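The values are calculated or read from the model by the stated rules, or taken from the named source; none is laboratory data. It should be emphasised that the depicted structure is a prediction, and the values quoted were computed from it without experimental measurement. Positions of Cβ are generated from backbone atoms using ideal geometry, with glycine treated the same way; all protein chains shown enter the neighbour counts. These area figures cover heavy atoms from the full protein model, side chains too; ligands, DNA and RNA do not enter into them. Shrake-Rupley method; radii C 1.70, N 1.55, O 1.52, S 1.80 Å.
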Amino acid sequence: MDKIVSLAKRRGFIFQSSEIYGGLNGFWDYGPLGVALKRNLKECWWHDMLTGHDELATLPGAPTPYEMTGLDCTIIMHPQVWKCSGHFDLFHDWLVDCRESKRRYRYDHLKGRWASHREKRVFVVTEQSGDEALVETAAKAQKFFGLRANKSSEIEWAEAMVPLAGNAPFAEALGPDAASPGTLTEPREFNLMFETRIGALAGNDDDRAFLRPETAQGIFMNFKNVVDTSRVRVPFGIGQIGKSFRNEITPRNFTFRSREFEQMEIEFFCKPNDSAAWYRFWRDRRWNWYLNLGLTPGRLQLREHDADELSHYSVGTADIEYAFPFLPDGEFGELEGIAHRGDFDLRSHMEGKLVRRDGELVVETDDAGKPRHRGSGKDLSYFDDISRERFVPHVIEPSAGADRAVLAFLCDAYHEDEVPDEDGKPRSRTVLKLHPRLAPLKVAILPLVKKDGMPEVAIDLYRKLKPQMATMYDEKGSIGRRYARQDEAGTPWCITVDGQTLADTTVTLRDRDSLTQVRVPLDECVDLLRSRLA
Ligand code: GAP
């Protein structure tokens, strides 16, 4: 992972935000190559899911037509949105503070193991997982008991690593960055929504507003607008790409958990009876999307949530997960969730905040029996003019993180291998084997030397290709170094203009992954590369 982070910085993919002031934890900027990669990823998603989709879904029975459309909603919305969506009351993590180190942890990330030596015992807490957790707790216990390294085998360990929650009294817990036990506070709720105030005279509670923690709610807000103004009919989906904000307690693992990030979300509206089939359809469709763009199948996993993991609205969710290299072997991190949200959102925004009671969704009331958070009172049901039925559509939500996807594609693409240099000797290289659709640059045009008319021919070709695809011209340094620069940037093809070009108007086309070099006529380059990208 360190190598990937270093390449990302060195080659201008990802920088820390506000770096000259020491950076801001959980915020990241995309550099010239990074922004191109991220835009390509979002454009693939928009094209494949919305504008260029199949129009027919293969559900059990007959192929079913469905429509997809897009939206772009505001980041700040009416505060009532978050009350009825459940985020105001429920979108929190439990945090634990350390009085000694002043550090803050997510309660559910803390685990540990009991260690004892002679009469003393302590529960050694860590945030790490896998082998790193074992190493960290062993070192902390040795220090705590004041033992030399050669005496560490005297420490007795009780069974395996277990969560802090429910397994140890706080007085006996030795925090990850503390020297003595009992410095962790009891856990408390921490709402993840960023708050702001609207208007110049902001001052009372009515001015409180929130930065959206998901793009999804903007889609629900506009469900009726879209149905009334465009010709979509259920089943149909609305997609949106945009920024979301979460005041994560412990942002970490590069861009994986950030405080400002982008989501690519679809809310797919369907008839309640068909929703289970649509759920499976979207789960499989999203899974295949990642594979088609080149993620290694063995590093991807599809995981259905257990009942106790489901969000407050969901009746079924599957995660698409990737084996990020910062995780211990065998562990996966979430790339995307595909949730069956039932009619929770539309009904909540009609009636008031819903809660599940005895398996039924009902409006939540306060002690006096009044709805705790009122809905809009607007009718968000749908009338099917063919079947003459009125119903509140069920929703399937494939919700992906653009930054996490970029990170997964970067990690997956990163390879180190050996290539022959100009003299045929093996040279090690770093290469990003990105799918050509994602690659920031598609082709680099390289004159072999800066003389003999080669730059002129190369620049002419560069100018022909540039309006068609992201093209780079590079004449600086040896040809080997220039290939190496393009390999690191993930450029799938290089075209070299050499002595033979001047004689027979052919150029060398080099393939990043197979390293094959073939001669192609100069005037066929544009069509050839366009067809490869199609
Ligand atoms: N509307 C449903 C929803 O927002 P989620 O599982 O909380 O569901 C969806 O988020 C996706 O957004 C995640 O799978 C992940 O890719 C991305 N995501 C969530 N929190 C993130 C964070 N703090 N940093 C980066 N990406 C995040």
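Only one of the numbered conditions (1) part of a strand (DSSP E or B); (2) in contact (Cβ under 8 Å) with a residue 12 or more places away in the chain; (3) open to solvent by 40 Å² or more (accessible area, probe 1.4 Å) is violated by Ile459, and that is (1). Listed by position, the strands (runs of 3 or more DSSP E) contained in the range 286-370 that have at least 2 residues being surrounded by 15 or more Cβ atoms within 10 Å (Cβ to Cβ) and more than 19 Å from the chain's Cα centre (by Cα) are 333-342, 354-357, 360-363. Within the range 351-363, does at least one residue satisfy the condition of being in the same structural domain as Phe269 (by TED's automatic domain parsing) and within 15 Å of the ligand (Cβ to nearest atom)? No, every residue in the range 351-363 fails to be in the same structural domain as Phe269 (by TED's automatic domain parsing) and within 15 Å of the ligand (Cβ to nearest atom). Criterion first (free of Cβ contacts under 8 Å to residues at least 60 places away in the same chain, within 30 Å of Ile14 (Cα to Cα), open to solvent by less than 80 Å² (accessible area, probe 1.4 Å) and among the β-branched types (Val, Ile, Thr)) does Thr508 satisfy it? No; evaluated as a whole, the condition is false for this residue. In the set (1) in contact with a strand residue (DSSP E or B) (Cβ under 8 Å, 6 or more places away or on another chain); (2) open to solvent by less than 10 Å² (accessible area, probe 1.4 Å), Gly401 fails one condition alone, (2). Within the range 237-249, the set of residues being open to solvent by 10 Å² or more (accessible area, probe 1.4 Å) and either near the ligand (Cβ under 10 Å from one of its atoms) or closer than 24 Å to Leu327 by Cα (or both) comprises Phe245, Arg246, Asn247, Glu248, Ile249.
Residues in the range 250-283 that are out of contact with any strand residue (DSSP E or B) (no Cβ under 8 Å at 6 or more places or on another chain), within 16 Å of the ligand (Cβ to nearest atom) and in contact (Cβ under 8 Å) with a residue 24 or more places away in the chain: Arg257 alone.
For Asp108, the conditions (1) in a helix (DSSP H, G or I); (2) of a type outside the set (A, V, I, L, M); (3) open to solvent by 50 Å² or more (accessible area, probe 1.4 Å); (4) away from the ligand (no atom under 16 Å from the Cβ) all hold with the exception of (4). Among the residues of the range 111-144, none is identified as under 15 Å from Thr183 (Cβ atoms), part of a strand (DSSP E or B) and open to solvent by 40 Å² or more (accessible area, probe 1.4 Å). Taking the range 51-70 as the range and being open to solvent by less than 80 Å² (accessible area, probe 1.4 Å), under 20 Å from Ala276 (Cβ atoms) and of a type in the set (S, T, N, Q) as the test, only Thr64 passes.
Among residues of the range 229-252 being of a type outside the set (A, V, I, L, M, F, W, C) and outside any loop (DSSP other than H, G, I, E, B), the one that is farthest from Asp274 (Cα to Cα) is Arg252. Here are some conditions: (1) crowded, with 18+ Cβ neighbours inside 10 Å; (2) not assigned by TED's automatic domain parsing to the domain that holds Leu327. Ser101 meets all but one. Which one does it not meet? Answer for Ser101: the failing condition is (1).
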